[in-house]
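Asks: The structure under discussion is supplied below as structure tokens; questions concerning it will follow.
FYI, it's all coordinate maths here, none of it is from the lab. Keep in mind that this is a model prediction, so the values were computed, not measured. Cβ: placed from backbone, ideal geometry, glycine included. Neighbour counts: every protein chain shown.
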């Protein structure tokens, strides 16, 4: 088990305790996360643990990155308005995690901003809350044609590396009205 995964499990356990949820079947615990986790074996995952181990400021932007996305002028996507994005561009890989809020059908940080080259870890029971890329049904806007987020229906940990700038929406196919968000990637 990598150090980052150990920290992720510890943070998940602490977060669940702080939210007063000791019985959530949606948020993984140490017992729920296999020693190798999904990220090592999932062919659709785009993991870059070495890049996440270094401080975010050291991550070099991708040369062919799309034009910069400015959070102050970003369009609302999956309920994420400009002021809703939590800036994790300077955070560690353990800061860039999206989990469920206890046993509710909601994400703890559904709107997150990261730098190109950084990764975000999605952590919940994907069999109960299947992950899909794009706009949730009924949402207005235009999702990007290409996204590093892939559909995920098994396991409880999925790490996605975002190589280029842009805004990448996602949602739970079982609860698209309440479990939706977007990752804004800046150069």
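Asks: Run the numbers on region 97-175 and let me know its relative contact order in percent, using alpha-carbon pairs under 8 Å that are six or more apart.
Replies: 37 percent
Asks: Fully extended, how many nm does the chain gain between residue 142 and residue 105 (0.36 nm per residue separation, minus their Cα-Cα distance)? Show your work: numbers first, answer last.
Replies: On the way: separation 37, 0.36 × 37 = 13.32 nm, distance 2.43 nm.
Working it through step by step, the gained length comes to 10.9 nm.
Asks: Simple spin-label model, 7 Å along Cα-to-Cβ: residue 174 to residue 76 in nm?
Replies: My value for the distance between the label points is 2.8 nm.
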